[in-house]
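The values are calculated or read from the model by the stated rules, or taken from the named source; none is laboratory data. Model, not experiment: these values are computed from the prediction. Please note: Cβ atoms are built from the backbone with ideal geometry, for glycine as well, and neighbour counts cover all protein chains shown. The protein model used for the area step is the full one, side chains on, heavy atoms only, and it has no ligands, DNA or RNA in it. Shrake-Rupley method; radii C 1.70, N 1.55, O 1.52, S 1.80 Å.
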Amino acid sequence: MCGIVGYIGYREAWPIVLKGLKRLEYRGYDSAGIALMNNGGDHIYKKAGKVAVLEEFAETQDKSGSIGMGHTRWATHGVPSDRNSHPHTSNNDKLSIIHNGIIENYATLKEELISRGHEFKSDTDTEVLIHLIEEIQKIEKIDLLEAVRLALHEVNGAYAIVIMDKDNPDRLIAARKGSPMVIGVGQGEYFIASDATPIIEYTKNVIYLKDGEIALITREDLLIKHLDNVVQTPLIQELELKLEMLEKGGFDHFMLKEIYEQPRSIKDCMRGRIYPEEGKVQLGGIKEFAEKLKNIDRIIIVACGTSWHAGLVGEYLIEEYARIPVEVEYASEFRYRNPIITEKDVVIAISQSGETADTMAAIEMAKERGATIFGICNVAGASIPRLTHAGVYTHAGPEIGVASTKAFTAQVTVLTLMAFYMAQQKGTITTSKLIELLTELDHIPEKIQVALESNDLVKEVAEKIKDSTNCLFLGRGSGFPVALEGALKLKEISYIHAEGYPAAEMKHGPIALIDEEMPVVFIATQNSSYEKVISNIQEVKARKGKVIAIVTQGDTEVKKMADYCIEIPDAKEAFLPLLATIPLQLLSYHIAVMRGCNVDQPRNLAKSVTVE
Ligand code: M6R
């Protein structure tokens, strides 16, 4: 979490850094700060609150300078406040730092520095690092780059940092380990950022700084070293990102835009991968493991949040079609267990951002124990695709709303393709069956378009239940992960307490909550558990619960019982999660808007969770 931006060049740094922070605000938004360097020295402006608060605060201040760096924070150490906002300065105020990550051994280092006379102005771990750098420079009498390198050997944890030095006002130093960092390469200028979104309008040429690398950046040049002091040759890559992908495109919120993008994003995700007439799936990213897939014992899916829900859908699909046992694990739990993993296991790590700390740690552990690791990731070049042996990108395009929508359906699409691909390799599916399934999958984007047409009706339902304090989401089979995802969407953006449950589990506890005030959302599409779900709906109605049902077009049975029915197009059971998710995304969106919530940046959350 936290977003960082830096600029060194010939333009005014303030507007570049400020705009960059707005682009990165999805990463954290409880406080923001910018440091600028000009001939008269440095200026640091920082404020609790959103980037807009900082912008207003600095309106009348001196904002000149062609070197600058900025930070938008998601608090870990120290409450969101002006004094805990970045940049932080060294004891002598000459060095300043912005940091994304956590310095885990900061407390011991801080104690030692205090005993050497250092005084701290904040409660953050970050301030400790810049004091440590100053102290090392003072004791060893070395230049700043070397002092930063040595200091980074003394810290544990994750970081992406940028450092400015009043004594050397024509340079920036940047380094990373475990937190992302991209350097944009211009003519006589360089840009630094947590991801490429602040850079795209200035240059398409970027260098992804690797873990354990440190860079000395001047207007004319860039030197990259590894922390072990070996100089590295940078690899300049061209960005595929387009500026319009980062704008709302006429929608009120990024979340709504991203919901409506799903027919396109799912099409992009399948492009070049399915051949319905031949009954064939091709996944170039995992092709070299095609043989291995024939003999694996087990698949373990690791992920967090929404990506974990996608993993649960994957479990149904892989077991159904490829007949390989699947376990779905929260990465945050899995990494701290002592799981039995063998070389015959494949671990699939799912992550939209490709930066989630717990998922990365789970991958590292499984890799050490000999498993083959596949990644399913949305952000090209992120850390997770680098850590895995092979993988499949979701190609959903940048997802800016903190609540995941199009990334979820793209993850489910990739898992569907993987299930079919594995089935194809193992011979657990016939070509004619695959032709049938792929032909229908090919038309899912059009069906999603139809599902989106329920928007007006969903809005009416939202109006009726927007003031509820609780909500239950129930489903069976692959409708269960859809229910979990519906509940997560509602709670994270509208702050209504919501729970997802397997519908049959309701009678083992949650049924006690049901009264006339309780909306219960059922995934009641026509699939193998339809009859059973109908019985569960009756149980809720018998207790005066308010039933909202997601049903298959033309349904008559559920309509007799439910208070509100939202239709989705008919589809094979394998594809129902893709369609049933759409009205639930719209429902949580409209409820959140009606309740006056910040849909794109819900409180306390951040888009990429780079801390454990
Ligand atoms: O980037 P990741 O997919 O690894 O992120 C995992 C979760 O943090 C994420 O899905 C989170 O639950 C979202 N806020 C859900 O909308």
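Structural remarks
- Whichever residue in the stretch 586-612 is within 12 Å of the ligand (Cβ to nearest atom) and among the β-branched types (Val, Ile, Thr) and, among such residues, is nearest to the chain's Cα centre (by Cα): Val609
- Selected residue (criterion: nearest to Pro602 (Cα to Cα)) from residues of the stretch 372-387 that are away from the ligand (no atom under 12 Å from the Cβ) and at pLDDT 95 or above: Phe374
- Filter pass, Lys426 being more than 16 Å from the ligand (Cβ to nearest atom), out of contact with any Cys (no Cβ under 7 Å at 6 or more places or on another chain), in contact (Cβ under 8 Å) with a residue 40 or more places away in the chain and not assigned by TED's automatic domain parsing to the domain that holds Gly272: no
- Failed criterion for Lys22 (all others in (1) out of contact with any Gly (no Cβ under 8 Å at 6 or more places or on another chain); (2) open to solvent by less than 60 Å² (accessible area, probe 1.4 Å); (3) touching a residue at least 24 places away in the same chain (Cβ under 8 Å) hold): (2)
- Comparison of Pro519, Pro583 shows that the only residue that is more than 16 Å from the ligand (Cβ to nearest atom) and touching a Cys at 6+ places or on another chain (Cβ under 8 Å) is Pro519.
- Applying a threshold of 6 Å to beta carbon distances and a minimum spacing of six or more residues, or different chains, the list of pairs starting in the stretch 597-609 at a residue that is part of a loop (DSSP other than H, G, I, E, B) and open to solvent by 20 Å² or more (accessible area, probe 1.4 Å) and ending at one that is of a type outside the set (A, V, I, L, M, F, W, C) and more than 8 Å from the ligand (Cβ to nearest atom) reads Cys597/Ser494; Gln601/Tyr29; Lys607/Tyr26; Lys607/Arg27.
- Restricting the first member to the stretch 244-262 and to residues that are under 17 Å from Cys597 (Cβ atoms), and the second to residues that are part of a loop (DSSP other than H, G, I, E, B) and β-branched (Val, Ile, Thr), the beta-carbon pairs closer than 6 Å and six or more apart or on different chains are His253/Val599; Phe254/Ile400; Met255/Val599; Glu258/Thr405; Ile259/Thr405.
- Qualifying positions in the stretch 333-360 - in a strand (DSSP E or B) and within 15 Å of the ligand (Cβ to nearest atom): Val347, Ile348, Ala349, Ile350, Ser351
- Per the listing Gly272, Gly285, Gly311, the residue uniquely more than 15 Å from the ligand (Cβ to nearest atom) and in a helix (DSSP H, G or I) is Gly285.
- Here Met245 clears all of (1) among the hydrophobic types (A, V, I, L, M, F, W, C); (2) part of a helix (DSSP H, G or I); (3) within 22 Å of Val155 (Cβ to Cβ) except the condition numbered (3).
- Residue ID - farthest from the chain's Cα centre (by Cα), chosen from residues in the stretch 329-340 that are under 17 Å from Gly375 (Cβ atoms) and open to solvent by less than 20 Å² (accessible area, probe 1.4 Å): Phe334
- Single residue of the stretch 389-399 satisfying the filter (within 13 Å of the ligand (Cβ to nearest atom) and surrounded by 22 or more Cβ atoms within 10 Å (Cβ to Cβ)) that is farthest from Ala349 (Cα to Cα): Glu399
- Being in contact (Cβ under 8 Å) with a residue 60 or more places away in the chain and of a type outside the set (Lys, Arg) holds for only one residue in Leu579, Leu513, and it is Leu579.
- From the options Leu474, Leu457, Leu452, residue that is open to solvent by less than 70 Å² (accessible area, probe 1.4 Å), within 21 Å of Met270 (Cβ to Cβ) and either in contact (Cβ under 8 Å) with a residue 12 or more places away in the chain or among the small types (Gly, Ala, Ser) (or both): Leu452
Results for (1) in the same structural domain as Tyr321 (by TED's automatic domain parsing); (2) in a helix (DSSP H, G or I); (3) among the acidic types (Asp, Glu); (4) closer than 30 Å to Lys280 by Cβ, shown as yes or no for each residue.
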{"position": "Lys459", "(1), (2), (3), (4)": "no, yes, no, no"}
{"position": "Lys464", "(1), (2), (3), (4)": "no, yes, no, no"}
{"position": "Ile493", "(1), (2), (3), (4)": "no, yes, no, no"}
{"position": "Glu505", "(1), (2), (3), (4)": "no, yes, yes, no"}
{"position": "Glu516", "(1), (2), (3), (4)": "no, no, yes, no"}
{"position": "Val520", "(1), (2), (3), (4)": "no, no, no, no"}
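- Where a residue in the stretch 151-177 is without any contact (Cβ under 8 Å) to a residue 24 or more places away in the chain and its partner, wherever it lies, is open to solvent by 60 Å² or more (accessible area, probe 1.4 Å), with Cβ under 7 Å and at least six apart: none
- The stretch 39-50 residues that are of a type in the set (Asp, Glu), paired with ones that are open to solvent by 30 Å² or more (accessible area, probe 1.4 Å) (beta carbon under 7 Å, 6 or more apart): Asp42/Lys166
- Answer residue from the stretch 402-417, given it is within 12 Å of the ligand (Cβ to nearest atom) and at pLDDT 95 or above and is nearest to Gln262 (Cα to Cα) among those: Lys406
- Number of the exception - Arg323 against (1) open to solvent by 20 Å² or more (accessible area, probe 1.4 Å); (2) part of a loop (DSSP other than H, G, I, E, B); (3) under 30 Å from Glu612 (Cα atoms): (3)
- Selection count, the stretch 225-240, where residues are touching a Leu at 6+ places or on another chain (Cβ under 9 Å) and of a type in the set (Asp, Glu): 0
Here's the yes/no breakdown for (1) part of a strand (DSSP E or B); (2) in contact with a helix residue (DSSP H, G or I) (Cβ under 9 Å, 6 or more places away or on another chain); (3) charged (D, E, K, R):
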residue	(1), (2), (3)
Ile4	yes, yes, no
Arg11	no, no, yes
Pro15	no, no, no
Leu18	no, yes, no
Tyr29	no, yes, no
Ala32	yes, yes, no
Asp42	yes, no, yes
Tyr45	yes, yes, no
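Here is a yes/no grid of residues against (1) open to solvent by 40 Å² or more (accessible area, probe 1.4 Å); (2) at pLDDT 95 or above; (3) among the β-branched types (Val, Ile, Thr):
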site	(1), (2), (3)
Ile102	no, no, yes
Val128	no, yes, yes
Ile142	yes, yes, yes
Asn156	yes, no, no
Pro169	yes, no, no
Ala174	no, yes, no
